[in-house]
Structures are given as structure tokens and as C-alpha cells.
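Quick notes on the structure that follows.
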Amino acid sequence: MRKLLLLVLLSLSSYSLLSVARAETVAFTTEEYPPFNYRDGKIAVGATVEQVRKVMADIGVDYSIEVMPWARAYSQAQTVPMTCVFATAHNEERDKLFKWVQPLLVDRNILIKHTGSSVVAATLDEARKYTVGTWREDYTEAALRQANFPRIDVASDFRATLKKLMSDRIDLMPISESYFDKLRKEGNAVEKVTVLSAQPMGIACQKDFPDDLLKRMQTALDSLIADGTQKRIFLKYGLHLGD
């Protein structure tokens, strides 16, 4: 009888530990936005992906990373428990929708044009007369609407918007200033027009995400920033963080 009771207790204990382990598995979603986050074959890579991987390795928690269209990545992090989306702009509109670990990046977002186009705009007011492209559920769509841009073209993802810009189907598009620098270095015919916004970019987790796990992730990211690892990762991808 004692042996039977012991076996039952051990089984329950093992099941409980397994349940905890499964409960702590974090599902990360992200989009194709190189060099920050993108696919190399079937593997998620990039400057923000490396930071997420290091954070999770440091705290010893299982995780997965899936690259998908931004609208779906963002929606899943709002509705599916233990899900986080990155790199997500942390603005007033989104603040209460998620729990946050940040910053993976602090960056400015600028409006750019295809070199050779007839676009001339030194200010946001002047830029409003043009058609500006963005992609579904990206924070720049809200930023453009708040800035009273009347003609906004919304595509499925970042690559589709960039393709429209390069074929002159739209006049302008918003982009990370760091990524703009990389595009130029790679020989892409794009030019800066004006600044749209500035914001921290972070990991946005579903509202019921465990606070203790969130705190461990934030502590790991803080350490990664403090010891210079974050800066080295960005330099590896040809990006430069501000001081």
C-alpha cells in the first residue's frame, strides 16, 4: 500500500512539474523585417531575434519563434496565452494592450522615397499630399492616421510595401532609420524625406503573461544591454545604436 501511494505521489509530482514546464514555454511571433527579424531558410534570425534567443537562454525557459505576416503575429500576442510579439513599437495606444519587455531597440521612424521620384517634402505637412504606404497592423499605420495623412496604402507586409515604393506605386513609406542606413549601404535607391516618429521597440506579451517570468526576461535584457551585447549584435548586422 505504501509503495502504491508513493508511486501515485511521484506520478502526480512529475505531472505537476511537466505542467509547469509546459506552462512556461513562450511562443514568440515576429515578421519579415530584415535585418531585425527574418527567415534564413526555416530559421528565424536577425538583430532582435538574437536578443530574444539570448534572453531566453539566460533564464533557461523553453520558447519558439515563428515568422509570419505582422497582422497575424500581432493578433496572436493579443489573444493567445504565453505569446509575445516583437519588435513592437511601444506607444500610448498599445501600452495597456500588452505587458512589455524593452527596449530591443530605440529608433526613429522616417519617411523615405524612391530615388528619382518627384516627391519633395521637408515636413510632415508637405508629405501629407502624397500617397504613403505601410502594412497591416503595423504601428506606423496608426501613426500616419494620427498625423492626418489622407492617402494611406495598406499592404500585407513590409516587403510588399517596399516593392510598391520601388515601382513608384506609392510615393512614400515609413521605415526604421537604422534599416534605412542598411538599405543605402546595400545600394538601394532610396532617400530620406522627413522624420515620422521616435519610439522604443520591445517584446509585447499577452496581458495574462506571468509577471515573474516577465521580470526575469526584463532583467536578462537589462544585463544584455548593460554589458554591451546588444550593441555588438547591432554592429554585427551593420546597424548603429545611438549613445
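Worth pointing out:
- In the chain, a dipole from Cβ-located charges (positive for Lys and Arg, negative for Asp and Glu) runs towards its positive end, and of Asn91, Ser223, Ala198 it is Ser223 whose Cα lies farthest in that direction.
- Under-5 Å amide H pairs with Val190, H placed in peptide plane, nonlocal only: Thr115
- Solvent-accessible area, 1.4 Å probe, carbon plus sulfur percent, for the chain: 53 percent
- Size descriptor, Kirkwood hydrodynamic radius, that averages inverse alpha-carbon separations across region 157-210, Å: 13.4 Å
- Of the beta bridges in region 107-199, as assigned by DSSP with both residues counted there, near 70 percent are antiparallel.
- Counting only DSSP beta bridges whose two residues both lie in the chain, roughly 65 percent are antiparallel.
- Taken about its Cα centre, region 107-199 carries a charge dipole of roughly 160 debye when the Cβ of each Lys and Arg holds +1 and the Cβ of each Asp and Glu holds -1.
- Derived scalar couplings ³J(HN,Hα) [region 59-74; Karplus, 6.51 cos²θ - 1.76 cosθ + 1.60; whole Hz; x for Gly, Pro]: 9, x, 10, 5, 7, 9, 10, 10, 9, 7, x, 4, 4, 6, 4, 5
- Long-range amide H partners of Met68 with built H, under 5 Å: Thr30, Glu31, Glu32
- Springs between Cα atoms under 10 Å define the GNM used for the chain, and in it the highest mean-square fluctuation of Leu162, Leu124, Leu172 occurs at Leu124.
- For region 100-243, lysine pairs separated by 8 or more sequence positions, or belonging to different chains, with Cα-Cα distances below 12 Å total 4.
- Calculated FRET efficiency for the pair Ala226/Ala147, C-beta based, R₀ 45 Å, to 0.05: 0.80
- 3J(HN,Hα) along region 48-56: 7, 4, 4, 5, 4, 4, 5, 4, 5 Hz, from the Karplus curve 6.51 cos²θ - 1.76 cosθ + 1.60 with θ = phi - 60°, whole Hz, x for Gly and Pro.
- When region 195-243 is reduced to its Cα atoms, the Kirkwood hydrodynamic radius in Å: 12.9 Å
- Coupling constants for region 148-159 follow from the phi torsions by the Karplus curve (6.51 cos²θ - 1.76 cosθ + 1.60, θ = phi - 60°), and in residue order they are 6, 6, x, 10, 10, 9, 10, 9, 6, 7, 4, 4 Hz; glycine and proline get x.
- Heavy-atom accessible area per residue - the chain, 1.4 Å, Å²: 51 Å²
- Largest to smallest principal axis extent of the C-alpha atoms in region 122-243, angstrom: 47, 36, 25
- Surrounding net charge for Ala160, when Lys and Arg each add one and Asp and Glu each subtract one, Cβ distance under 14 Å: -2
The values are calculated or read from the model by the stated rules, or taken from the named source; none is laboratory data. Owing to the predicted nature of the structure, the values given are computational and were not obtained by experimental measurement. A quick note on method: Cβ atoms are made from the backbone with ideal geometry, for glycine too, and the neighbour counts reach across all protein chains shown. Remember, those area values only see protein heavy atoms, side chains included, never the ligands or the DNA or RNA. Shrake-Rupley method; radii C 1.70, N 1.55, O 1.52, S 1.80 Å.
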